[in-house]
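Below is one structure, written out as structure tokens, with a few remarks after it.
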Amino acid sequence: MADAVSLAASNLVSPIVLSFVLGVAAALVRSDLSFPEAIAKGLSLYLLFAIGFKGGASVAGHGPELRLFATIAAGLLLSLLLPFLAFFLLRALARLSPIDAAAVAAHYGSISIVTFVAANTLLASSGLEPEGYMVAVAAVMEAPAILSALWLAARFGGGGEMGPKVWREILFNGSIVLLMGAFAIGALTGEKGLAEIRGFVVDPFKGVLCLFLLDMGLVAGRGLLSSRGVLTVRVLSFGFLMPLAGAALAFVVAQLLGLSVGGVVLLMVLCASASYIAVPAAMRVALPEANPALSLTLALGVTFPFNLTVGIPLYILAASSFAGP
Amino acid sequence: MADAVSLAASNLVSPIVLSFVLGVAAALVRSDLSFPEAIAKGLSLYLLFAIGFKGGASVAGHGPELRLFATIAAGLLLSLLLPFLAFFLLRALARLSPIDAAAVAAHYGSISIVTFVAANTLLASSGLEPEGYMVAVAAVMEAPAILSALWLAARFGGGGEMGPKVWREILFNGSIVLLMGAFAIGALTGEKGLAEIRGFVVDPFKGVLCLFLLDMGLVAGRGLLSSRGVLTVRVLSFGFLMPLAGAALAFVVAQLLGLSVGGVVLLMVLCASASYIAVPAAMRVALPEANPALSLTLALGVTFPFNLTVGIPLYILAASSFAGP
Amino acid sequence: MADAVSLAASNLVSPIVLSFVLGVAAALVRSDLSFPEAIAKGLSLYLLFAIGFKGGASVAGHGPELRLFATIAAGLLLSLLLPFLAFFLLRALARLSPIDAAAVAAHYGSISIVTFVAANTLLASSGLEPEGYMVAVAAVMEAPAILSALWLAARFGGGGEMGPKVWREILFNGSIVLLMGAFAIGALTGEKGLAEIRGFVVDPFKGVLCLFLLDMGLVAGRGLLSSRGVLTVRVLSFGFLMPLAGAALAFVVAQLLGLSVGGVVLLMVLCASASYIAVPAAMRVALPEANPALSLTLALGVTFPFNLTVGIPLYILAASSFAGP
Amino acid sequence: MLMHEAKRVEIIIEAVMEDRLTDILIDNGVTGYTVLPVSGGSGRSGRWSRDGQVGRAQGMVAVVCVVGPDRLPALLEAVLSVVERHIGLVNVTDTQVIRAERF
Amino acid sequence: MLMHEAKRVEIIIEAVMEDRLTDILIDNGVTGYTVLPVSGGSGRSGRWSRDGQVGRAQGMVAVVCVVGPDRLPALLEAVLSVVERHIGLVNVTDTQVIRAERF
Amino acid sequence: MLMHEAKRVEIIIEAVMEDRLTDILIDNGVTGYTVLPVSGGSGRSGRWSRDGQVGRAQGMVAVVCVVGPDRLPALLEAVLSVVERHIGLVNVTDTQVIRAERF
Ligand SMILES: Nc1ncnc2c1ncn2[C@@H]1O[C@H](COP(=O)(O)O)[C@@H](O)[C@H]1O
Ligand SMILES: Nc1ncnc2c1ncn2[C@@H]1O[C@H](COP(=O)(O)O)[C@@H](O)[C@H]1O
Ligand SMILES: Nc1ncnc2c1ncn2[C@@H]1O[C@H](COP(=O)(O)O)[C@@H](O)[C@H]1O
Ligand code: NA
Ligand code: NA
Ligand code: NA
């Protein structure tokens, strides 16, 4: 218990979390601090490349495992199922329209790669090195939820457009391609490749993450300010409950898979987090009737900070308690 | 004396100064070399974050001091007073109109964070580590001069708009918020936080500064080319005299405060330098009748290069001569 | 021979080459992965600054040599002559119009700095450190080919505009100024300067190069997709033959100059590669009637990948076989 | 100088729909268009800015298309098929061009 | 296709004044506007470019606002109150829109 | 509000030609112009985008120039001298401005 508190505390005063807090605070006092769009995109390209590459290099070190494929399959399945759970909660609890519920559900079935990166970083500093292939699991969990959500929208809301073009866009979405591509490069070049570019993908990584989280804080804070209207208490509560539900489900699955403590935490984080890059864009194309402010504010303004500050330490605590003495 | 010459020489052939010179030279031969606006902003965000964080971490290491508060108060006061000195010189010496004089005075009462960073870097390589809290002093000295200048403009020129909106903009100006925020994060996370992101905020710092100074050289050079008209000999001489006057005043105050040699130099640099990011924008809003080319050309085209090449070594020399046997 | 195969293989699975391949693949599956223009430009500014600086610092370490001047003169001459060879091949083999042939010839007489950087990096990891001044040779070889090409266009095609303005633009082109300027700074500050900014220009260098090559792969792949029409078999074959011809010529010259193995390889790479940044822009100004898709697709879509994957290992092999037992 | 009547069509549309719009423009025989970036705006769905954003979900682009008057109806029909379900604004202005053969 | 008359107001104004202008537009019941970045320009106060600049003091933005003709006078009044003391350029063009209910 | 007739000239031209065009505008007594970035487009010479590009060879910019009607012929003459050999598009729209003394 003392450990849990100290873990949570040390998480809260890490430069990573504080940078996000700074961003939110700057937005709330209406500072004009802002990152150019190109810089924000550049930082995210860097993070995707680095995290993918390091994951791949780590897999190369350990050799392929059967568990890799089982975990990927489990991730896929979870990503397909979570939208149903989310849709149910959103209809029953948050009282959203079917179309809006389906759109939000797509976000929560998919994943937030920055939450994943932050968890990875915290795990590493706690000595709980996760399986490298969790990066590949993250990549395969980006898109499937969109399929479920669109089915839900069509079934209950009479909406949703789905052509081959939409599919290609989702599957070959920039962040998926970069993450998987960098993972493949890391896997092919292994430790040697990592040694060559360590000065780029390892040494400055955490600092870049801080700057990126500062920017995300700014965007999240401004989003909260401008869409206070859409956040009823019912909707808000979904933003806290859903990650816990997702994490709980993931916890069970991860134990069945026999993942390491770090791996358990990452699967929980993937299920607990909500997409705010790939899915929002896909929803604007395929489900334009849904209110985008709703999904974005929930994913980026509520669930993301919740996971970053409370969630991740909680998931670590849960996973390590169970793991044993 | 030999020391002074060698210090000045080693400053002049540092990559930092030479990068600025390269930028100016490229502008003067009308090369099309240029940095995208987003990159220039990204570099400045990095520098503010890194310098703020390192300052905070260093304060965390040393614990809060009474002298910290005294120095901050002194900085505030200097920043409020310097515009009066500048205004007087600009009216008497440079013969500017009251409005233009007030606008230029605001720039010189405020500070140039890049000059500060460059001085910091030079001090570090001379083994004269300054007080970490000087970063906080820099932050508090950004805005107050605007107040004095607007009072001067209203009193002598009948101009100047000042609403609560303008005030919020000045106080929560992006660079102040980032500098103070990063300082706070550094102070909260201390040496441990610094160790985590050293590969980002320390290792590549000097190189990034070079690139930024290259860009500043380009902007300064192009500014000089396009506003040759506004620089009379009288105006020019202000650009050289004012930093010396500011530095002299700061020298006296710093000795009273009992700062270390490094701290003395930094307070001199703060008083000797002129803002070219935050204040110009504030002046466009609050004092639109003033000629912006005048302030910018003086601050960026005259005083900045003067401080970078001659000023900083001079201030170091002055501070160290006085310091000891 | 075993060595050759292993060298080629190790080149092909280096993160650098694989990053380019990833970019091309992403473009071919029509992924929306893309780099903001500002980031691409920022990466290229970084690479030019770093490679220039390191070249200069290395020259400072070794002192100026007579061979430096001889090699620069040889580079100049090669750059002036190669367009004639290219023009002849383009007319005879690829059957291009005189104007188009002249424009393409300008690209191949000039150099590709990224190919140069990639070769440098591969040489360093093979322990074949080249002469630092090869960076200066690269810089002087950027522009002269434009002169030859415009003469060819005027002589055989009746086109080509050439005023003093065009000349200034070409000579003080941003990439030339930055490369030579950084080289000068490196030469002036030497090992000491390098030590100061090593954390910026050395440590992350390879990783940044990977990201830049990923972007180049995206641009090259999209270029190939959109200009499949212009690439006849005859034109394509030029894209493979010309680098071999250029490299062969450079090989002979380099042996006469007595360069080290690394230096021989770099001169071959310079002659074998084709410009896709400076020359295309110059051609739009001076030879607007030429089809820009033709030159760009050849330089970036054919010759660049050829050099990166097959060419460089081949040139290393050739240079080292000859060098001795 | 001889000038020719033409129409300047300006379409402000969600960034995610840019490719769909321009594909349909090309499919409908439009000879050219130009895309201008948009940095922010406001409408019934609220105020937005591209600052610091990574995703493409929020934000618009402006597509400018100059066409001969005879081609306008077909173009508008095509544009409307994309804009209909999506956020977007179309305005058409009378203009004059040189080199009419291009439109 | 049925088109409706409207006015396209284009305001080129100092970047630092963007928020003040758009605040006043919204306060005056404008239903929407779009902000386009500007990379450079020239005027009586000289030539400028955003290249390599960090501060916001130098540079303009273009704000485009399409309104129904009846709303134009109030809008111009509001715009002028901001532009007056500041560098800025306002031009108004007759245009046509579809979906007039939006303006 | 008193408005004055003016012409809004919009020139979409290759980015490499921007300086040549604006130099000639200034040489011909134009009191001001504004340059807008362009992120992509399509024309007879194909489709393009600035994404990820380093060189300036590919890509256009939009130069907007508001002038009094009397200055239009001279301006167009000047513009045409630059655009002639190069890719470029010029359109001229009737517009109205406040503060006519500026044009
Ligand atoms: N009247 C208008 N004039 C100019 N741009 C507009 C106007 N109305 C809407 N827009 C643009 O279209 C976007 C979406 O509008 P809306 O669908 O009303 O939210 C806004 O954010 C603006 O960028
Ligand atoms: N006639 C014009 N046409 C288009 N833009 C203009 C014009 N005059 C001024 N501008 C823009 O407004 C800015 C400020 O103009 P000025 O106040 O004349 O210096 C210029 O830098 C241009 O961006
Ligand atoms: N009809 C048009 N409307 C708007 N922009 C155009 C049009 N035609 C060409 N352009 C722009 O001008 C560029 C060059 O056109 P082109 O010379 O036809 O290839 C295109 O890439 C577009 O950006
Ligand atoms: Na999830
Ligand atoms: Na000062
Ligand atoms: Na070559």
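All of the numbers you see were taken from the coordinates with simple rules; none came from a lab. The shown structure was predicted, so the numbers you read here are calculated from the model rather than taken from an experiment. Ideal geometry is used to build each Cβ from the backbone, glycine not excepted, and the neighbour counts take in all protein chains shown.
Below is a table of values for the structure above.
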{"read-out": "In the stretch D:26-103, the GluC sites (Glu not before Pro) that fall in loop regions by DSSP, at most 11 other Cβ within 10 Å", "value": "D:E84"}
{"read-out": "Estimated vicinal HN-Hα couplings, Hz - the stretch D:32-41 in sequence order (Karplus 6.51, -1.76, 1.60; Gly, Pro = x)", "value": "x, 7, 9, 9, 9, x, 10, 9, x, x"}
{"read-out": "Debye, to nearest 20: dipole size of the stretch D:4-102, +1 on Lys, Arg Cβ, -1 on Asp, Glu Cβ", "value": "300 debye"}
{"read-out": "Most positive-pole-ward Cα, B:L77, B:I146, B:L93, against dipole of the stretch B:62-156 from beta carbon charges", "value": "B:L93"}
{"read-out": "Gyration tensor over alpha-carbon atoms, the stretch A:1-150, equivalent ellipsoid semi-axes in Å", "value": "26, 26, 18"}
{"read-out": "Nearest-20 debye value, chain C charge dipole, Cβ charges on Lys, Arg, Asp, Glu", "value": "560 debye"}
{"read-out": "Volume per residue of the C-alpha convex hull in the stretch C:140-204, rounded to whole Å³", "value": "102 Å³"}
{"read-out": "Positive-pole candidate from E:Y33, E:V16, E:I98, dipole of the stretch E:4-102, charges at beta carbon", "value": "E:V16"}
{"read-out": "Stokes-Einstein D (µm²/s) once Rh is taken as the Kirkwood radius of the protein assembly as shown over alpha-carbon pairs, at 25 °C in 0.890 mPa s", "value": "77 µm²/s"}
{"read-out": "√(5λ) per eigenvalue of the Cα gyration tensor, the stretch A:150-244, largest first, Å", "value": "35, 25, 12"}
{"read-out": "In degrees, nearest ten, helix E:18-27 long axis to first principal axis of chain E (Cα)", "value": "20 degrees"}
{"read-out": "Per-copy distances of the A:F240 label point, shortest first, in nm (7 angstrom along Cα→Cβ)", "value": "6.6, 6.6"}
{"read-out": "Distance violations [Cα-Cα > 30 Å] among B:K41/B:K192; B:K206/C:K41; B:K192/C:K206", "value": "none"}
{"read-out": "Mean separation of Cα contacts under 8 Å (6+ apart) over length of chain E, as relative contact order %", "value": "52 percent"}
{"read-out": "Per-residue average of Cβ from other chains inside 10 Å of B:10-17", "value": "5"}
{"read-out": "Largest-first principal axis extents, alpha carbons of chain A, Å", "value": "51, 45, 43"}
{"read-out": "Per-residue average of Cβ from other chains inside 10 Å of E:69-80", "value": "1"}
{"read-out": "Proxy reagent accessibility, fewest Cβ within 10 Å first, across A:W151, F:W48", "value": "A:W151, F:W48"}
{"read-out": "Dipole in debye (nearest 20) - the protein assembly as shown, about Cα centre, beta carbon charges: Lys, Arg +1; Asp, Glu -1", "value": "260 debye"}
{"read-out": "Computed label-point distance, nm, for sites E:L80 and B:L256 using a 7 Å Cα→Cβ extension", "value": "5.3 nm"}
{"read-out": "Spacing of the two label points (7 Å from each Cα toward its C-beta) at A:T309 and A:V5, in nm", "value": "1.9 nm"}
{"read-out": "Kirkwood estimate for the stretch B:43-102, i.e. one over the average of 1/r between Cα atoms, Å", "value": "14.5 Å"}
{"read-out": "Descending Cα extents along the principal axes, the stretch F:4-102, whole Å", "value": "42, 23, 22"}
{"read-out": "Whole-angstrom Cα spans of the stretch B:218-325 along principal axes, big to small", "value": "49, 26, 25"}
{"read-out": "7 Å along Cα→Cβ, label-point gaps from C:S6 to other copies, nm, shortest first", "value": "5.0, 5.0"}
{"read-out": "Alpha carbon centroid spacing (whole Å) that separates the stretch A:132-152 from the stretch A:58-77", "value": "15 Å"}
{"read-out": "Sequence ranges E:29-36, B:126-133, B:50-57, A:301-308, ranked by mean other-Cβ count within 10 angstrom, highest first", "value": "B:50-57, A:301-308, E:29-36, B:126-133"}
{"read-out": "Axis proximity, chain B to C: residue whose C-beta lies nearest, plus whole-Å distance", "value": "B:A38, 2"}
{"read-out": "Exam field: A:G258 pseudo-label spacings to other copies (7 Å along Cα-Cβ), nanometres", "value": "6.8, 6.8"}
{"read-out": "Under Karplus coefficients 6.51, -1.76 and 1.60, residue-wise ³J(HN,Hα) of the stretch C:210-221 in Hz, glycine/proline x", "value": "4, 4, 5, 5, 4, 4, 5, x, 4, 5, 5, x"}
{"read-out": "Label-point separation in nm, E:R99 to D:I87, each point 7 Å along Cα→Cβ", "value": "1.1 nm"}
{"read-out": "Karplus 3J(HN,Hα) series, Hz, for the stretch A:290-307 with 6.51 cos²θ - 1.76 cosθ + 1.60 (x for Gly, Pro)", "value": "5, 7, x, 4, 4, 5, 5, 5, 4, 5, 8, x, 10, 5, 4, x, 4, 4"}
{"read-out": "Those trypsin sites (Lys or Arg not before Pro) in the stretch A:219-325 that DSSP places in a loop and that have at most 16 other beta carbons within 10 Å", "value": "none"}
{"read-out": "Given charges at Cβ of Lys, Arg, Asp, Glu: the protein assembly as shown dipole, positive-most of B:S14, C:G199, B:L298", "value": "B:L298"}
{"read-out": "Test item: A:278-288 mean partner chain Cβ contacts at 10 Å", "value": "5"}
